[in-house]
Every structure is written in structure tokens, then in C-alpha cells.
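One structure, as C-alpha cells, below. Some questions next.
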Amino acid sequence: MKTSLVKILCVDDEPMILESLESVLRRKYSVFTAKSASEGLALIQQQGPFAVILSDMRMPGMDGAKFLAKAREIAPDTVRMLLTGYAEMSAAIAAVNEGQIFRFLTKPCPQVLLLSAMRDAVQQHELITAQKVLLEQTLRGSIQALIDILSLSNPRIFGLATGIRESVREMALGVGLEELWAVEVAAMLYHIGYMILVPEIAEKVHSGVKLEPAEEEKVKMLPKITEQLLEDIPRLEPVRSIIRNQSRPRLATAKLNRNDAVEVGTEALRIALAFDQLIKSGMSEDSALSLMKSRNTVYDPELLDVFSSLKNLQSGLRNLKEIKIAEIKAGMILNDDLKLRGGTLLAPRGYTVTQSFIERIRGFPADSVKEPICVVVKTKEG
């Protein structure tokens, strides 16, 4: 099977230069061309993502440095290179600082040098993509395994992590955020600090019982403790920021930046945690959402609308069903605490069943788990 060619974008206001670039590069790459910065930005939106963007420096309307800076905002993983007919140091510095370019080439650029630079740029893009996969899949999968293990030892604390992660993820998707890994990982790891709570306080927190002032102070410190536990793990800076921000109030006049993973993750997690706490206190979903909407300066209104729509949609797609343990499936949500007949909690109400959890409960002796169990299941596809 023929492998599709890597897509690159060349931007220059001189048609002859574009024709020359395309002639040299089209044998190895799928080449797109634009005669202006505005046309280039439109192509990034319509035909992207591109592995590499090669732009001329001196163009009318918007120069190459500013164009590459805007291109970086739209497609941060794309490798950027600058081609210029003059070697002014100020232009090079502007391009590096504003567009964070990978390489600076001068006109006329020999064909051998152009092909070599393009090859290096494509390899750099492959490296960036590989790192992204590592973060989004390997790291997230490893953390999910960790949370699954912790939920076995302390189901009250970690049993709801999967549900909260899904809520945060759906909110982030609802406002168009593409970089989801930090948002999801922060939601999964948020409760790590709760491991230090004594059982009595932990039970109060997860049952929605009002805390004493001294107990409230201990709970307020938990995001900071979680952040400290994670500080030695590389590449988790945005995750730590999302968790750290949970102890800080939202600015009432703040407007959400949909492209900022930390900002979206901070506010989405704030909403998911608050909703979860209100449900634990005995409120219905409708009442909890109404109360949160009345506090319109506490939660981001755009994300709260997405969350409210999500909950309303889910209520129409799901129904309660009583089943036996042998019938339980991944993705089902427990409508009641799941306990052994002796009273030991296996998973709390609201827990989203995972495959590892199924393997665990099926390892218990027959009749050791109370049956039937009540779960929330989908009644139709959304």
C-alpha cells in the first residue's frame, strides 16, 4: 500500500518562488501553497494539520514572523521555518521569539540545503507527535491503572474518579479544546491527597456531611498536598496547575480561553467536583444544577451550560436496571453503594465500572456480593 505523503505548507507573496519551492519539494511531500499570510492561515484551518510550514519573511500585510506566531496558536505541533531574502539579525530574532521557528533559511536557498532542512523539520514533527502520543496514551493509561489499584484499597475516595474524569473531558470537548490529556489526568489525580485524611473526615467529605472548621482547613490543603506529591514527575506541570487552581476562587469577570488547557481544565474540574459534592449531600441533579447556575460568578457559565446540557442528555439516554454480578459491564454506573454481604464497601454510588473492577468482583466467592445490584444503563444511542 502506498504511504500518503507528509503535508507541508509554503507561504510566499512571490508566485515564482512558490513554484520553485513546489517543484523541489513535491517529489517527497504533499505541498500546499499560499500567496499571503491570511491565505496561509485559512489553509491551516481548512487543510491542516501540516507537519511543516515554510514562510517568507517579507510579505505585505503581515510579515513571516507574525504569521508564524499566529500559525503556532492554531497548530502548535506544526514545525515552523522562515525563508528570507535578507539576513537582518532583527528579523531573525523576531521570528525566533514570536514564531518559535525551527530553522532560519536565507534566499537564494540551495536545493540540497532546502531538502535537508525540510527532512530535519519533518523528523522534528515526528518527534513532537511521538511525545504527544506518549503523554496522551501511555501516561494517561498508566495513571488509570494506578487509580484502579487505589480504588481497590480505598473505594470511597477513588471510586468516583472515572466519572469525574468523564464529566471534565466532555466539558472540555464541548468548548472545542483539543489538548485533553492534562485535563483528564488532573481529574484522575485530584483525589491523591485525600489519602492522608483520617477515615472519619474522609467519610464526612464523601458523604456530604458538614465539616468542622478545623476539618475544613485540612481539606482545603489537599490540592496543595496533591500538587507536591506530583512535582517530581516530569511533564505534569499543566496537571499540577489545574489541581493547584482548585484552591483559588474564580475571578467573577474572567472570560474562558477555550484554547488554554489549564484554564479549561481548572474550571471544568471545579464544576465537576462541586456537582459531585452537592449530589452527595442529597440534592437531585436538577436542584444541584439550578443552585450552581444561581452562583453565576463562582463557575464559568459557558462550561456550566455544557455540563448542564450533558446531564440533561444523559438523563434521557439512561435508565435504572437491576442485574446480577455476572451481567455487569464496563461503562455501567452504580446507582447504589456496592458492598459485600459483610458490609465492606467495594465501590460507591456513582462509580463508573471498569474492566479491572469487573475482574476483581468476579474473583469473590459466589454469593459474597449483595445481589441484585442497581445500575444506570443506556436505553438508546445518543
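Would you be able to say whether some residue in the range 198-209 is surrounded by fewer than 17 Cβ atoms within 10 Å (Cβ to Cβ) and modelled with pLDDT of 90 or more?
The answer is no, given that none of the residues of the range 198-209 is surrounded by fewer than 17 Cβ atoms within 10 Å (Cβ to Cβ) and modelled with pLDDT of 90 or more.
Of the residues that make up the range 262-284, is at least one under 12 Å from the mean Cα position of the chain (by Cα) and without any contact (Cβ under 8 Å) to a residue 60 or more places away in the chain?
Taking the range 262-284 and keeping what is under 12 Å from the mean Cα position of the chain (by Cα), we get 262-266, 268-269.
Those still in the list that are without any contact (Cβ under 8 Å) to a residue 60 or more places away in the chain too: 263, 266.
Looking for residues that are under 12 Å from the mean Cα position of the chain (by Cα) and without any contact (Cβ under 8 Å) to a residue 60 or more places away in the chain, one finds at least one in the range 262-284, hence yes.
Show the residue pairs that are 6+ apart or on different chains and have beta-carbon atoms under 8 Å apart, the first residue being within the range 117-134 and hydroxyl-bearing (Ser, Thr, Tyr), the second being modelled with pLDDT of 85 or more.
What qualifies is Thr129/Asp77.
Okay, moving on. Would you pick out the residues in the range 123-132 that are surrounded by fewer than 18 Cβ atoms within 10 Å (Cβ to Cβ) and either modelled with pLDDT under 75 or in contact with a strand residue (DSSP E or B) (Cβ under 8 Å, 6 or more places away or on another chain) (or both)? Reasoning before the result, please.
Let us first name the residues in the range 123-132 that are surrounded by fewer than 18 Cβ atoms within 10 Å (Cβ to Cβ), namely 123-124, 126-132.
Selection gives Gln124, Ile128.
Working carefully through the options Glu22, Glu39, find the one that is touching a strand residue (DSSP E or B) at 6+ places or on another chain (Cβ under 6 Å) and surrounded by fewer than 18 Cβ atoms within 10 Å (Cβ to Cβ).
Values: Glu39 fails: touching a strand residue (DSSP E or B) at 6+ places or on another chain (Cβ under 6 Å).
Just a single option satisfies the conditions, and that option is Glu22.
Please count how many residues of the range 242-255 are modelled with pLDDT of 90 or more and either under 13 Å from the mean Cα position of the chain (by Cα) or among the hydrophobic types (A, V, I, L, M, F, W, C) (or both).
Residues in the range 242-255 being modelled with pLDDT of 90 or more and either under 13 Å from the mean Cα position of the chain (by Cα) or among the hydrophobic types (A, V, I, L, M, F, W, C) (or both): 2 in total.
Shifting gears a bit: Could you figure out which of (1) crowded, with 16+ Cβ neighbours inside 10 Å; (2) out of contact with any Gly (no Cβ under 6 Å at 6 or more places or on another chain); (3) at pLDDT 85 or above isn't true of Val306?
Of the numbered conditions (1) crowded, with 16+ Cβ neighbours inside 10 Å; (2) out of contact with any Gly (no Cβ under 6 Å at 6 or more places or on another chain); (3) at pLDDT 85 or above, the odd one out for Val306 is (2).
Now, a different point. So Arg258 clears everything in (1) touching a helix residue (DSSP H, G or I) at 6+ places or on another chain (Cβ under 9 Å); (2) within 28 Å of Ala145 (Cα to Cα) except one condition, right? Which one?
For Arg258, the exception is condition (2).
Right, something else. Take the range 260-281 and flag every residue that is of a type in the set (Val, Ile, Thr) and within 19 Å of Arg244 (Cα to Cα). Reasoning before the result, please.
Within the range 260-281, the first condition is being of a type in the set (Val, Ile, Thr), and the residues that meet it are 262, 264, 266, 271, 279.
Within the range 260-281, Val262, Val264, Thr266, Ile271 meet the criteria.
Quick check on Leu346: is it in a strand (DSSP E or B), surrounded by 13 or more Cβ atoms within 10 Å (Cβ to Cβ), of a type in the set (A, V, I, L, M) and touching a strand residue (DSSP E or B) at 6+ places or on another chain (Cβ under 7 Å)? Working first, answer last.
Numbers: in a strand (DSSP E or B): yes; surrounded by 13 or more Cβ atoms within 10 Å (Cβ to Cβ): yes; of a type in the set (A, V, I, L, M): yes; touching a strand residue (DSSP E or B) at 6+ places or on another chain (Cβ under 7 Å): yes.
Spelling it out, Leu346 is indeed in a strand (DSSP E or B), surrounded by 13 or more Cβ atoms within 10 Å (Cβ to Cβ), of a type in the set (A, V, I, L, M) and touching a strand residue (DSSP E or B) at 6+ places or on another chain (Cβ under 7 Å).
Got a sec? Which strands (runs of 3 or more DSSP E) wholly within the range 1-85 have at least 3 residues that are on the phi > 0 side of the Ramachandran plot and free of Cβ contacts under 8 Å to residues at least 12 places away in the same chain? Don't jump to the end; show me each part of the working.
Working: elements: 7-11, 30-34, 52-56, 79-84.
In the range 1-85, no matching strands (runs of 3 or more DSSP E) lie anywhere.
Go over the candidates Lys293, Lys321, Lys311, Lys280 one by one and state the one that is surrounded by 13 or more Cβ atoms within 10 Å (Cβ to Cβ) and in contact with a strand residue (DSSP E or B) (Cβ under 6 Å, 6 or more places away or on another chain). Break it down into steps so the answer makes sense when it comes.
On the way: Lys293 fails: in contact with a strand residue (DSSP E or B) (Cβ under 6 Å, 6 or more places away or on another chain); Lys311 fails: in contact with a strand residue (DSSP E or B) (Cβ under 6 Å, 6 or more places away or on another chain); Lys280 fails: in contact with a strand residue (DSSP E or B) (Cβ under 6 Å, 6 or more places away or on another chain).
Going through Lys293, Lys321, Lys311, Lys280 in turn, just one is surrounded by 13 or more Cβ atoms within 10 Å (Cβ to Cβ) and in contact with a strand residue (DSSP E or B) (Cβ under 6 Å, 6 or more places away or on another chain): Lys321.
For the range 152-202, which residues satisfy the criterion of being among the charged types (D, E, K, R) and either touching a Lys or Arg at 6+ places or on another chain (Cβ under 7 Å) or within 21 Å of Ser241 (Cα to Cα) (or both)?
Looking only at the range 152-202, we keep the residues that are among the charged types (D, E, K, R), and these are 156, 165-166, 169-170, 178-179, 184, 200.
Correct list: Arg165, Glu166, Arg169, Glu170, Glu178, Glu179, Glu184.
The values are calculated or read from the model by the stated rules, or taken from the named source; none is laboratory data. This one's a predicted model, so the numbers in the text were calculated from it and none came from an experiment. When we count neighbours, we look across all protein chains shown, and the Cβ atoms used for this are built from the backbone with ideal geometry, even at glycine.
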